[in-house]
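Have a look at the structure below, then the notes.
The values are calculated or read from the model by the stated rules, or taken from the named source; none is laboratory data. Keep in mind that this is a model prediction, so the values were computed, not measured. Cβ sites come from the backbone with ideal geometry, for glycine too, and all protein chains shown count toward neighbours.
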Amino acid sequence: MSSIEAALAAIELLKPGEKLVYTQIAAEYKVDRRTLAQRHQGASSSRELNGQNRRALHPHQEQELLRYVERLTRQGLSPSRPMIRRFASQIAKRELGIHWVDKYIKRYDVNLISKWTTGIDRSRHQADSVVKYTLYFDLLRNKIGQYNMDENGYQVNLI
């Protein structure tokens, strides 16, 4: 417990009606009188609390996002930075800044390691079209129908 927290605890232990003198308590716990008074009156809070309040996601939400990213990575679908930003924006229910992902990765740098995937081969990329898939499966269906036989050896499509 820090000295400022101990001083605040001492103030809370005062009985109702007992005289509160910030100067005496501040001197006893070796803290600044103004800081003690402001914290006690709720005018300011610690930097740690301010940092937690300004975060877009609660630490539990960040951990859940981390598990989701790791699960996607294990499945071979490593999310990009814009994807992580969109996921977090949906959780936070507001648009997050461009650098939010960089700060998030810095906080969890041990757990998030980006990997470059190899590009798709040019011939495979050119072959990847709806028309070509449709043509292939139509040809396949025709051949299966042409040579389809039941258990007795009769051609099913010709009867």
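Brief remarks follow.
- The stretch 71-95 - residue that is of a type in the set (S, T, N, Q) and under 20 Å from residue 59 (Cα atoms) and, of those, surrounded by the fewest Cβ atoms within 10 Å (Cβ to Cβ): 90
- From 17, 51, residue being part of a loop (DSSP other than H, G, I, E, B) and either modelled with pLDDT of 75 or more or small (Gly, Ala, Ser) (or both): 17
- Qualifying positions in the stretch 71-91 - assigned to a helix (DSSP H, G or I), modelled with pLDDT under 85 and not basic (Lys, Arg): 73
- Pairs are defined by a Cβ separation below 6 Å, a sequence spacing of at least 6 or placement on different chains, a first member in the stretch 62-81 that is over 15 Å from residue 107 (Cα atoms), and a second member that is assigned to a helix (DSSP H, G or I); the pairs so defined are 79/69; 79/72.
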